[in-house]
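**Student:** What follows is a single structure, and I will ask about it in a moment.
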Amino acid sequence: MVGKEQEEMEKGYTVLTYAEYEEGLRNGRLLGLRCASCGGITCHPMPVCQWCGRRVLKRIELSGEGELTTFTVIRVPSEGFEEDAPYIPCLVKTKEGPCVVGRLDYNTENAMQELIGKQVKMKGSYTYEGDKYSGGAHTCPVFGVVE
Ligand SMILES: [Zn+2]
């Protein structure tokens, strides 16, 4: 299958676009997809299930809760992110299964390795304007540590 035909087919299967995912984040909702075939949850959205590759997907809302898998503190930002530094990009393993990239809202002076494994919850979102490499503005989830 080639070109336009493939494109039309993909469109029919996409029940959650990346733009809709980001809009959900801006409204405080972490959206994902549940696979009718294996039951796995896919997040961020993709045209296929991230676990089994099938396309029978239904839009769902995730809890926004999870475990901090890893993070880093950015003190020397890349071009276009000067205003943001210092900030903490993080990877969260959600309660529902998939790992989501976001930012951690935490005092950068106190952020130590001991934070890894802590329970976190989505508390909002952050929209960055992007730089010449990222093709415009994007929104990511912001997580806070659950004390
Ligand atoms: Zn699946």
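**Student:** Can you tell which of Gly40, Gly32, Gly53 is in contact with a Cys (Cβ under 7 Å, 6 or more places away or on another chain) and within 9 Å of the ligand (Cβ to nearest atom)?
**Tutor:** Gly40
**Student:** Could you tell me whether Gly66 is in contact (Cβ under 8 Å) with a residue 60 or more places away in the chain, small (Gly, Ala, Ser) and closer than 21 Å to Tyr18 by Cβ? It would help to see each step written out before you state the result.
**Tutor:** Working: in contact (Cβ under 8 Å) with a residue 60 or more places away in the chain: yes; small (Gly, Ala, Ser): yes; closer than 21 Å to Tyr18 by Cβ: yes.
Yes: the conditions hold for Gly66.
**Student:** When residues of segment 100-115 are filtered for being loosely packed, with under 15 Cβ neighbours inside 10 Å and out of contact with any Pro (no Cβ under 6 Å at 6 or more places or on another chain), how many remain?
**Tutor:** Of the residues in segment 100-115, 7 are loosely packed, with under 15 Cβ neighbours inside 10 Å and out of contact with any Pro (no Cβ under 6 Å at 6 or more places or on another chain).
**Student:** Can you find, within segment 39-48, the residue that is farthest from the chain's Cα centre (by Cα) among those that are surrounded by 14 or more Cβ atoms within 10 Å (Cβ to Cβ) and modelled with pLDDT of 95 or more?
**Tutor:** Result: Gly40.
**Student:** Okay, next question. Quick check: is even one residue across segment 125-137 hydrophobic (A, V, I, L, M, F, W, C), assigned to a strand (DSSP E or B) and either modelled with pLDDT of 95 or more or under 18 Å from Asn27 (Cα atoms) (or both)?
**Tutor:** Scanning segment 125-137 turns up no residue that is hydrophobic (A, V, I, L, M, F, W, C), assigned to a strand (DSSP E or B) and either modelled with pLDDT of 95 or more or under 18 Å from Asn27 (Cα atoms) (or both).
**Student:** Determine which member of the set Glu96, Glu79 is part of a loop (DSSP other than H, G, I, E, B), surrounded by 14 or more Cβ atoms within 10 Å (Cβ to Cβ) and outside the structural domain of Gly28 (by TED's automatic domain parsing). Even if it seems obvious, please write down each step before you answer.
**Tutor:** Numbers: Glu79 fails: surrounded by 14 or more Cβ atoms within 10 Å (Cβ to Cβ).
Of the residues listed, the single one that is part of a loop (DSSP other than H, G, I, E, B), surrounded by 14 or more Cβ atoms within 10 Å (Cβ to Cβ) and outside the structural domain of Gly28 (by TED's automatic domain parsing) is Glu96.
The values are calculated or read from the model by the stated rules, or taken from the named source; none is laboratory data. Here the structure is a predicted model, which is why all the values come from computation and not from measurement. So basically every Cβ, Gly included, is an ideal-geometry build from the backbone, and we count neighbours across all protein chains shown.
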